[in-house]
Amino acid sequence: MRRCMATLARPMRYHLTGMGANVQCSMARDASITMATDVPRRMGGSDAAPQPIELFLTSLCGCELATATFVARHMTPRVHVEKIEFDVYAERDSLGALQLPLTTDPATMPVARLARVWGTATVYTTASQAQVTELCDHVKRRCPVANMAVLSGCALEIDWGQKTPSSGSSAH
C-alpha cells in the first residue's frame, strides 16, 4: 500500500542560540552556522551585518528558491531550473516600530510590519512562461516564509519571468 506524503508529514523544528547587545544580534545553529544582524550607523549600529529586514528578504528568496526547486522536480513535465535571479524591494512605515511616546494608543499607530515586498524572479529554464507561472503559483502556496509574509498583511508582489539559459552557462 502506497502512503501519501501528507500522512507521513512531521513538524519541522528549528533551534538557534545566541545573544544581542545594543542593536547587533548573533545567532547560531549547532555551532556550525552563524547569522548576524546590525543596523546602519545612522540608526545607532555599526553596519557590520545585514539589517533584520534584509536578512528576512534573503530568507524569503532562499525559501522561494528551495520551494521552486522541489516543485519543479515534481511537475509534469518536469521543469529543469538552472537558476533564479531575484531583484526584490521592501517598504514599511518606520513609525510602526519607532512611534513615540511609548504610551501611544496602538490603534492609532501604523503597524510594525512590511507593507509591501515587490520585485522580480527571473527563472533560467527552457520551460515555457506558462510553466514558470504554474511554478510560481505552487511556490506562493507552499513557501513558508512567503506564506508568513502574506498572512501578516504584507503585499507580496514578485513577478516571475522565464529566461532561456545561454548555452554553456552554469548556475553559481
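Observations on the structure shown:
- Meets criteria (closer than 24 Å to Glu54 by Cα and assigned to a loop (DSSP other than H, G, I, E, B)) for Gly153: yes
- Scan segment 123-145 for residues that are of a type in the set (Val, Ile, Thr), more than 15 Å from the chain's Cα centre (by Cα) and either part of a helix (DSSP H, G or I) or under 20 Å from Tyr89 (Cα atoms) (or both) and the total you get is 3.
- Among residues of segment 137-170, those that are within 12 Å of Ala68 (Cβ to Cβ) and touching a residue at least 60 places away in the same chain (Cβ under 8 Å), counted: 6
- Positions within segment 33-75 being more than 20 Å from Ala146 (Cα to Cα), touching a Cys at 6+ places or on another chain (Cβ under 7 Å) and buried (at least 18 other Cβ atoms within 10 Å of the Cβ), in sequence order: Thr37
- Residues of segment 107-135 satisfying the condition of being touching a Leu at 6+ places or on another chain (Cβ under 6 Å) and of a type in the set (A, V, I, L, M, F, W, C): Val117
- Put simply, of Glu134, Glu157 the only residue that is loosely packed, with under 13 Cβ neighbours inside 10 Å and of a type in the set (Asp, Glu) is Glu157.
- Residues in segment 71-109 that are over 30 Å from Ala130 (Cα atoms) and assigned to a helix (DSSP H, G or I): Leu95, Gly96, Ala97, Leu98, Pro106, Ala107, Thr108.
- Those strands (runs of 3 or more DSSP E) of segment 1-70 in which 3 or more residues are under 27 Å from Arg92 (Cα atoms) and free of Cβ contacts under 8 Å to residues at least 12 places away in the same chain occupy 17-21.
- Enumeration of residues in segment 146-165 that are at pLDDT 95 or above and more than 19 Å from Ala90 (Cα to Cα): Gly161, Gln162, Lys163, Thr164
The values are calculated or read from the model by the stated rules, or taken from the named source; none is laboratory data. Given the structure is predicted, the values throughout are model-derived calculations rather than measurements. Reconstructed Cβ throughout: ideal geometry from the backbone, glycine too, with neighbour counts over all protein chains shown.
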